[in-house]
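Here is the structure we will look at.
The values are calculated or read from the model by the stated rules, or taken from the named source; none is laboratory data. Treat the numbers as computed from the prediction; the structure is a model and nothing was measured. As a convention, Cβ positions derive from the backbone with ideal geometry for all residues, glycine included, and neighbour counts pool all protein chains shown.
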Amino acid sequence: MRLSQRMQHCDLTLPTPEANLACDEALLDCCEEGGANELLRCWEPKSYFIVVGYANQAATEVDLDYCQREGLPVLRRCSGGGTILQGPGCLNYTLVLRITEGSPLATIHDTNAFVLERHRTMVSQLVGGKVERQGDTDLSVGGLKFSGNAQRRRKHCLLFHGTFLLNVDIEMVERALPMPSRQPGYRLNRSHTDFLVNLKLPPATLKSALVEAWQAAERFEQIPGKEIEILAREKYRLDEWNRKF
């Protein structure tokens, strides 16, 4: 099948945390197998849950007793990066991009720079102030982090996804997550409440800006529902995956 070179987009929030995490991986699989164009997805979680990076140890990065008391699921994603609280007030985006010869996506470092510089410029225009790239994969304003990002790479395509803090409960982040075992230098050992900031932008404003920034005007309609359900059932709902390390 000959694919259009234009990026497509979808605004797709699925009913469960597990399905939303599975969706990103299924979209990457679909593109890698030649069944989809490059893609931008946006989604907004309706309930709170914890997501650890692929190589994180939940017992170290999460207050598991607190999460159990509060009924917060602790899940693992397929990409790297640190541990986060997901929930209302977070806007998540997913990019599935093709790795072509001579493109700015040849390495992890170059991909971080390519995507985050575009987002830095976009958010700077929205907030009317200076936005900086910090650490390997953070965006900040006034030295405070509002976006964390991660990637997973295949042979032909990559998944680059992240979260924008718009109106999340930062006090809950403080209660659910201890200080991370690894932190970027600019954090300076600050607590979550002293380090994180909400952009306080309407989600629709940021979604529109993302679509424009990535020129993803065409809608993506062929959602791989079967693949998402299989991944959610056989991977993201299992303790063997979520407590892997």
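Quick notes
- For region 123-133, filtered to residues that are surrounded by fewer than 18 Cβ atoms within 10 Å (Cβ to Cβ) and not in a loop (DSSP other than H, G, I, E, B), the residue that is nearest to the chain's Cα centre (by Cα) is ARG133.
- Considering the conditions (1) crowded, with 21+ Cβ neighbours inside 10 Å; (2) closer than 22 Å to THR100 by Cβ, SER147 is excluded by exactly one of them, (2).
- Of residues in region 235-245 being in a loop (DSSP other than H, G, I, E, B) and either without any contact (Cβ under 8 Å) to a residue 60 or more places away in the chain or aromatic (Phe, Trp, Tyr) (or both), the one surrounded by the fewest Cβ atoms within 10 Å (Cβ to Cβ): PHE245
- The set of residues in region 185-206 that are touching a Ser or Thr at 6+ places or on another chain (Cβ under 9 Å) and not in a helix (DSSP H, G or I) comprises VAL197, LEU199.
- Counted residues, region 6-19 - those being within 21 Å of LEU210 (Cα to Cα) and free of Cβ contacts under 8 Å to residues at least 60 places away in the same chain: 1
- Unique residue being at pLDDT below 95 and either surrounded by fewer than 16 Cβ atoms within 10 Å (Cβ to Cβ) or β-branched (Val, Ile, Thr) (or both) when the list is ALA217, ALA204: ALA217
- Only one of the listed residues (ALA232, ALA216, ALA209, ALA150) is farther than 18 Å from PHE49 by Cβ and not in a loop (DSSP other than H, G, I, E, B). That residue is ALA209.
- Residue within region 156-166 that is polar (S, T, N, Q), over 19 Å from GLY53 (Cβ atoms) and either outside any loop (DSSP other than H, G, I, E, B) or in contact (Cβ under 8 Å) with a residue 40 or more places away in the chain (or both) present: no
- Number of residues in region 60-98 that are of a type in the set (A, V, I, L, M) and free of Cβ contacts under 8 Å to residues at least 12 places away in the same chain equals 1.
- Every pair of residues 6+ apart whose Cβ atoms lie under 8 Å, when the first sits in region 191-204 and is touching a residue at least 12 places away in the same chain (Cβ under 8 Å) and within 18 Å of LEU126 (Cβ to Cβ) while the second is part of a loop (DSSP other than H, G, I, E, B) and among the polar types (S, T, N, Q): ASN198/ASN167; LYS200/ASN167
- Selected residue (criterion: modelled with the highest pLDDT) from residues of region 55-108 that are among the small types (Gly, Ala, Ser) and more than 21 Å from the chain's Cα centre (by Cα): GLY71
- Subset of region 63-99 that is in a loop (DSSP other than H, G, I, E, B) and touching a helix residue (DSSP H, G or I) at 6+ places or on another chain (Cβ under 7 Å) - its residue that is farthest from HIS156 (Cα to Cα): ASP63
- Within region 2-31, tally of residues that are touching a His at 6+ places or on another chain (Cβ under 9 Å) and at pLDDT below 95: 1
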